[in-house]
Structure formats: C-alpha cells, structure tokens
Amino acid sequence: VIVKTPLYSLPVPLIHGMRCLGLSAVFLGLSAIKKDARRELISMMQKRSSGVVLVLVSELGLVNGSFLLLLWAISSGPVGLVTALVSTRSVFVLFYSTTISLRFKGLLAEKVTSRLIMFKLFAVTLIVIGITIITVN
C-alpha cells in the first residue's frame, strides 16, 4: 500500500532503484559487522563454490526481476488483487528451495524428506488461501 502512492508520480524503475539502495545499505552495514559472514563469503569465493553462483543468480536475477514485476503490477491494478497473487510466491520458494536442497546436498543445511515436503506444501497452501481470503474480501 505504501508503494502505491509514489507509483502515481514516479516510474517503476526509479522506485525499484530507491528500494535497492535503501536495502543494500542496511544489509551491507549488517554484514560488515558480522565477521562470520565475511569469513564465509571469502571462503566460498576461494573455493569457487557453486553457492556463490546460485546466490548471484537468485539475488540479481530472480529477486530483482520479481520485484520489478511486483511494482509494475501494483502500479497497474488494485493492491489487494496484487497482494493475493504475490502470496503464491511462497509456492515458488518451496519449489526452488526443495530443488536446490535435492540438487546441492547440504547447501541449505536441510534434509529433504517426502514428509517434510508435504508438511511445507500444506503450510504454503494455508498461507495462499488465507492471504487470498483477507485481501480479496
């Protein structure tokens, strides 16, 4: 709802840029404080870990693309309907994290079992249904 107001007068790429600058400053500051985060990043880069590539693709490609589409949708239509549609991203997160956990064993420090996937799928379904009911009504 807060983003809808500036989208009346400012273009989507400018709002996206402001968001990126604001969040990156916060996250950069927080990660600079944590020595463990710096050590882990340096270690992953030295080992040429596939996790670095995965993070780059996810953060630079998927996240930025999805947020640009979200801003475009909010500027084009009612926020309630957009929110209901955006709630389905938890389904994508479930699918993506399960795929990553199965493909790169131990990358997310999570053992994937069929029971765990069913439990997560049930939880995601409840989230989508709940948000849809709240926002569409």
Next item on the list: Go through region 68-91 and give me each residue that's open to solvent by 30 Å² or more (accessible area, probe 1.4 Å), at pLDDT below 85 and either under 26 Å from Leu21 (Cβ atoms) or touching a strand residue (DSSP E or B) at 6+ places or on another chain (Cβ under 8 Å) (or both).
Entry: Val79, Thr83, Val86, Arg89
Margin query: Every residue in region 36-49 that is aliphatic (A, V, I, L, M) and open to solvent by 100 Å² or more (accessible area, probe 1.4 Å), please.
Written below: Met45
Margin query: Filter region 1-13 down to the residues that are in contact (Cβ under 8 Å) with a residue 24 or more places away in the chain, open to solvent by less than 100 Å² (accessible area, probe 1.4 Å) and of a type in the set (A, V, I, L, M, F, W, C) and list them by number.
Written below: Val3, Leu7, Val12
Notebook entry, point to check: Out of curiosity, is Gly61 assigned to a helix (DSSP H, G or I), surrounded by 15 or more Cβ atoms within 10 Å (Cβ to Cβ) and of a type in the set (Gly, Ala, Ser)?
Noted result: no
Notebook entry, point to check: In region 15-40, what residues are within 20 Å of the chain's Cα centre (by Cα) and not small (Gly, Ala, Ser)?
Noted result: Ile15, His16, Met18, Arg19, Cys20, Leu21, Leu23, Val26, Phe27, Leu28, Leu30
Margin query: Cβ-Cβ distance below 7 Å, separation of 6 or more or different chains: which pairs start in region 69-88 with a residue that is closer than 18 Å to Pro13 by Cα and part of a loop (DSSP other than H, G, I, E, B) and end on one that is open to solvent by less than 20 Å² (accessible area, probe 1.4 Å) and of a type in the set (A, V, I, L, M, F, W, C)?
Written below: none
Checklist line | Within region 92-110, tally of residues that are under 26 Å from Leu70 (Cα atoms) and open to solvent by 70 Å² or more (accessible area, probe 1.4 Å) | finding: 3
Checklist line | Looking only at region 14-35, and only at residues there that are open to solvent by 90 Å² or more (accessible area, probe 1.4 Å) and modelled with pLDDT of 80 or more, the one that is farthest from Trp72 (Cα to Cα) | finding: Leu21
Notebook entry, point to check: Which condition breaks for Thr113 when tested against (1) surrounded by 14 or more Cβ atoms within 10 Å (Cβ to Cβ); (2) out of contact with any Asp or Glu (no Cβ under 8 Å at 6 or more places or on another chain); (3) not acidic (Asp, Glu)?
Noted result: (1)
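The values are calculated or read from the model by the stated rules, or taken from the named source; none is laboratory data. Keep in mind it's a predicted model, so treat the numbers as computed, not measured. A quick note on method: Cβ atoms are made from the backbone with ideal geometry, for glycine too, and the neighbour counts reach across all protein chains shown. Heads up: the accessible areas ignore ligands, DNA and RNA and are worked out on the full protein's heavy atoms, side chains in. Shrake-Rupley method; radii C 1.70, N 1.55, O 1.52, S 1.80 Å.
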